[in-house]
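So the structure is just underneath, and the comments pick up after that.
The values are calculated or read from the model by the stated rules, or taken from the named source; none is laboratory data. Remember, it's a predicted structure, so these values are computed and weren't measured experimentally. Methodologically, a virtual Cβ is constructed for each residue, glycine included, from the backbone with ideal geometry; neighbour enumeration extends over all protein chains shown. What goes into the accessible areas is simple: the full protein's heavy atoms, side chains included, and nothing from ligands, DNA or RNA. Shrake-Rupley method; radii C 1.70, N 1.55, O 1.52, S 1.80 Å.
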Amino acid sequence: MANHKSSIKRIRQAEKRRLHNRYYAKTMRNALKRLRNMTDKNEALEAYPALQKMLDKLAKRHIIHKNKAGNLKSSLCAYINKL
């Protein structure tokens with residue numbers, strides 16, 4: 001176990017951040033699954049801007065990498081256009 005006060009605090013902070021990031025990453029994955037399971041193009045077009053906003057925010061806050069956000073957005077756009 002950690003001996004220094006600062007390392008004990010670091011452990012607390014790291015756990016809190018891990019849970020926070022995990023929650024938002026899981027929320028993103030669920031939203032992606034929901035959009036990929038849609039078969040109606042109009043419904044998917046309505047849901048896409050909210051998901052795009054979520055991906056941009058997660059990339060801005062370094063929960064996911066900015067290139068990953070870009071790749072997901074482009075693949076979802078291609079999926080919607082294919083519908």
Margin query: Conditions first: (1) open to solvent by 90 Å² or more (accessible area, probe 1.4 Å); (2) in contact (Cβ under 8 Å) with a residue 40 or more places away in the chain; (3) not small (Gly, Ala, Ser). Tyr23 passes all but one, so which condition is the exception?
Written below: (2)
Next item on the list: Taking the options Asp56, Asp40, name whichever one is within 21 Å of Arg17 (Cβ to Cβ) and not hydrophobic (A, V, I, L, M, F, W, C).
Entry: Asp56
